[in-house]
Amino acid sequence: MKNLLLIFLLSFAALGVLGQTPHVLTVKGRIIDSATQSPLGYATIALQDATTKSSVKATLSKNDGSFMLTAPGGKPYLLALAFVGYNNKVLPVTGADTVVDLGNIILSASSKQLAGVSVTAVKPLVRQEVDRLVYNVQADPESPVITALDMMRKVPLLSVDGSDNIKLRGSSSYKILINGKESALMAGNPSDILKSMPASNIERIEVITTPPAKYDAEGLAGIINIITKKNTAQGYNAIVKLNYNSVYGYQASAGLTAKEGKFGYNGFVGNGERRYLGADFENLSSYYSPIPSSTVQAGTNFTGNHNTLTGNQLSYEIDSLNLLSARFNYNEQNGNQGNNQYTTVRDANSIISQAYHTVNNGTAANHGSDIGLDYQLSFKHNKNELFTASYRYSNSASSQFNNVANDQTVNFSLPDYRQYNNAGTKEQTAQLDYVDPQKMLTIEAGAKMILRNYFSDFYTDTLNTSSGQYSNEADQANDFTYHQDVYSLYNSYQVSLTDWVFKGGLRFERTDIDADFSSVGATLNRGYNNLVPSFSVQCNLNSTSSLNFGFTQRIQRPGITQLNPFVNQTNPQYITVGNPALTPAISNNFELSYGNFAKGSINISTHYSFSNNTIQNVTTLGANDVTTTTFANVGQDRNLGADLNINYPLSKKWGLNLNTELLQVWLKGTYNGSFYTNSGQQGHIFLSSNYRTDNGFRFNLDVGFDSRYVLLQGRDNYFFNNSYSVVKELFNKKLLVYVAVNNPFDKFNTLDFFTKSADFQTYNANQNYYRNVNVGFLYRFGKLNSTIKKTQRGIQNDDSATSGGKN
């Protein structure tokens, strides 16, 4: 942690040098539509030398149409403005003034792009908006050759640990959306899906730390919104990518965007494998009561799977005011899992009191699908005024089978057994949205209904040694159903002034729960209301920097992984089980950030959050020194943190990206009459650098460190990774060939965890394959010449907790 803190402080010290800018001419204004008088966001503005016509500075207009550019004073310039579907405009700018305010600049729509000034703009890698940070994946030179999961390491406020768990500001309580909507692609373990999704298919990643009222209130840390590429044209564009990993196997993907008349299509398909491989592990436990003893487990875990995913979007432009769009997503993962382990239990005198050898051969399968339909209506007097009606049906399910056998036993009598668990979620969502962007005021309102059904059917068959037959154990079976219906209304307002943007809103949510547990003949019926406020403000200090503040309340509802009462006895010494009695928790989040985009980008933020009754992992000691791990509403959680992200062009060919965070965490809670408290620092650092040559070569270096994270009863693992890659562009950049070496210095790394209470202490260590080599290629082909339309509002179910990761 000392090294982590030192690097973090040195990064802050460098800001004084990186942030300095010379005395400059400032050019500002606001771009508006000639017909509707509405602002045009993300128009391209370029300042050119009046003599040579070479570009000096370029930027994009903000949501309210405003922009500011800076350049050396004392000479004349030309200001070139361009926006898709509008006529270009060129305005003279004198260099004699200090500040040139052009006021409202009117652009008129055009049925075709007129000949005019050629505007070439380099999109910024990071953009700060009033309530979120946006990472432009397409501007990252590594996007064609890495996966979506690898790209997550670079995004400000995000990190990925050694187990491939994604964390937002050190928390796993967030929601991942695809194009603003919950997707079956993220069902199960999202890390596995993102490893199969090429980063080249992603347009940008939004980290929404102060989610506005239109988003569901779930996710204590915020929302990760992955926007896939959607722009296409009359014609088509296609991408084919193939990758082979020396350890895990192959991955293949293909993407297609096409448009013919009023019909447009965007989609991708991916397929990959993870070879069935084994890695060693050990579990060491010391028990203090009621009788001192110790347990040692050592063995090998095996896992392997095959996965397929696809995402598809289809649009039909009925006319200029009416638009229909549909989508279909599907993913499937099938694999084998198991372990081979030896367990030895010793008493206080180190004499063996129990021993056994366990072999588990199991299988696991997951699949998820969703289908959705959106209708969007624009209004003649203002085509940016929109009404959207949406419907979505999704279905995700998983099945798990464990076949456990024991031999070489000493004072151990647990019979061989087979466990079966089928679980999943079925969900229907209907939503209405309305947005009215006026000159300085944008109004949003909507209503939503989610009808969600969690289910789990599990049972255990044990072996009768006399007959050699398996029979069902009635006390180890349960048919669990959990209905959760959420009804919500929201209203928000955004006021955009010259130098200020204010955004605030309220969201009301009513939740009704109806649960049934057949094994114990119990039911659960409860309902609760939540009124969730959100507020954010952005102050534009000058043309290249801004200051942001945000506050929001968030809700953490339990997900199926945490609720599922399935008792996993794969390892009879360490049992895991869900808790269907979990209740939601509420978090209060405050954030203050500063962004400077004079050269590259620098973003600094500090944040504080507190919540009571959060959901935490808890482990207790039972009979025969068996520990049971579950989830419970026991945690009082406080976090104080600081984040720093720097994207800096060291030269025209050499770029640098630094993404780092430092957190102070305080946790406390009471469970089963025992009080637990823990605190400490945690954080991560990720450094990426790339260098491009004139002959089409690109060299990339990635180095990252993720510290141990603070848990209620202990600490988890730290993780260090390093990667080196070379990319060669061929055939006018249509073909990319690449080689990447990951973690070349060690074949395995060890991920370990510590758990401690008044009764016991446990150390778990798992080896993972570490060194690997990736080789592959990406090929682009096709021709485009216009843009697909897509509904701007739609269903985005972000109200239930994601699983996995560190808290």
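The values are calculated or read from the model by the stated rules, or taken from the named source; none is laboratory data. Nothing here was measured: the structure is a model prediction, and the numbers come from that model. For neighbour counting, all protein chains shown are included, and Cβ atoms are generated from backbone atoms with ideal geometry for every residue, glycine included. Each accessible area value is taken on the protein alone, full model and side chains, heavy atoms only, with ligands, DNA and RNA left out. Shrake-Rupley method; radii C 1.70, N 1.55, O 1.52, S 1.80 Å.
Would it be correct to say that LEU658 is open to solvent by 10 Å² or more (accessible area, probe 1.4 Å) and more than 19 Å from THR552 (Cβ to Cβ)? If you could, list the steps in order and put the result at the bottom.
Numbers: open to solvent by 10 Å² or more (accessible area, probe 1.4 Å): yes; more than 19 Å from THR552 (Cβ to Cβ): yes.
When the stated conditions are applied, LEU658 passes them.
Against the definition (modelled with pLDDT under 75 and open to solvent by 20 Å² or more (accessible area, probe 1.4 Å)), how does LEU114 come out, yes or no?
The answer is yes for LEU114.
Any residue at all in region 426-437 that is farther than 30 Å from GLN37 by Cα and open to solvent by 70 Å² or more (accessible area, probe 1.4 Å)?
Checking region 426-437: at least one residue is farther than 30 Å from GLN37 by Cα and open to solvent by 70 Å² or more (accessible area, probe 1.4 Å).
Across region 694-718, which residue is farthest from the chain's Cα centre (by Cα) among those that are open to solvent by 10 Å² or more (accessible area, probe 1.4 Å) and charged (D, E, K, R)?
ASP694
How many residues are within 22 Å of SER399 (Cβ to Cβ), within 24 Å of the chain's Cα centre (by Cα) and open to solvent by 30 Å² or more (accessible area, probe 1.4 Å) if we restrict to region 311-361?
Number satisfying all stated conditions: 4.
Can you tell me which of SER163, SER159, SER171 is surrounded by fewer than 18 Cβ atoms within 10 Å (Cβ to Cβ), under 28 Å from the mean Cα position of the chain (by Cα), within 21 Å of ILE193 (Cβ to Cβ) and modelled with pLDDT under 85?
When all the criteria are applied, what remains is SER163.
For region 745-789, enumerate the residues that are modelled with pLDDT of 90 or more, in a loop (DSSP other than H, G, I, E, B) and open to solvent by 40 Å² or more (accessible area, probe 1.4 Å).
If the condition is that a residue be modelled with pLDDT of 90 or more, in a loop (DSSP other than H, G, I, E, B) and open to solvent by 40 Å² or more (accessible area, probe 1.4 Å), then PHE745, ASP746, LYS747, ARG771 are the ones that fit.
Grab the strands (runs of 3 or more DSSP E) fully contained in region 397-481, keeping just those with 3 or more residues being within 33 Å of the chain's Cα centre (by Cα).
417-437, 441-464
Working carefully through the options TYR42, TYR77, find the one that is modelled with pLDDT of 75 or more and of a type outside the set (D, E, K, R). Break it down into steps so the answer makes sense when it comes.
On the way: TYR42 fails: modelled with pLDDT of 75 or more.
When all the criteria are applied, what remains is TYR77.
Hand me the list of strands (runs of 3 or more DSSP E) wholly inside region 580-676 holding 2 or more residues that are in contact with a His (Cβ under 9 Å, 6 or more places away or on another chain) and farther than 30 Å from TYR528 by Cα.
Fully inside region 580-676 and qualifying: 585-596, 627-649, 654-671.
What are the residues in region 538-563 that are in contact (Cβ under 8 Å) with a residue 60 or more places away in the chain, open to solvent by 20 Å² or more (accessible area, probe 1.4 Å) and over 21 Å from the mean Cα position of the chain (by Cα), if any?
Answer for region 538-563, where residues must be in contact (Cβ under 8 Å) with a residue 60 or more places away in the chain, open to solvent by 20 Å² or more (accessible area, probe 1.4 Å) and over 21 Å from the mean Cα position of the chain (by Cα): ASN542, SER543, THR544.
Of the residues VAL618, VAL626, which single one is surrounded by fewer than 19 Cβ atoms within 10 Å (Cβ to Cβ) and either touching a Ser or Thr at 6+ places or on another chain (Cβ under 8 Å) or of a type in the set (Val, Ile, Thr) (or both)?
Unique residue meeting the criteria: VAL626.
Here are ASN571, ASN596: which of them is closer than 30 Å to ASN478 by Cβ, open to solvent by less than 40 Å² (accessible area, probe 1.4 Å), more than 24 Å from the chain's Cα centre (by Cα) and not aromatic (Phe, Trp, Tyr)?
Answer to the selection: ASN571.
Note down all Cβ pairs under 7 Å where the first residue falls in region 630-645 and is surrounded by fewer than 21 Cβ atoms within 10 Å (Cβ to Cβ), the second is part of a strand (DSSP E or B) and among the aromatic types (Phe, Trp, Tyr), and they're at least six residues apart or on different chains.
Between residues of region 630-645 that are surrounded by fewer than 21 Cβ atoms within 10 Å (Cβ to Cβ) and residues that are part of a strand (DSSP E or B) and among the aromatic types (Phe, Trp, Tyr), the close pairs are ARG638/PHE610; ARG638/TRP666; LEU640/TYR608.
Please indicate, with yes or no, whether at least one residue in region 372-387 is open to solvent by less than 50 Å² (accessible area, probe 1.4 Å) and closer than 25 Å to PRO565 by Cβ.
No, region 372-387 contains no residue that is open to solvent by less than 50 Å² (accessible area, probe 1.4 Å) and closer than 25 Å to PRO565 by Cβ.
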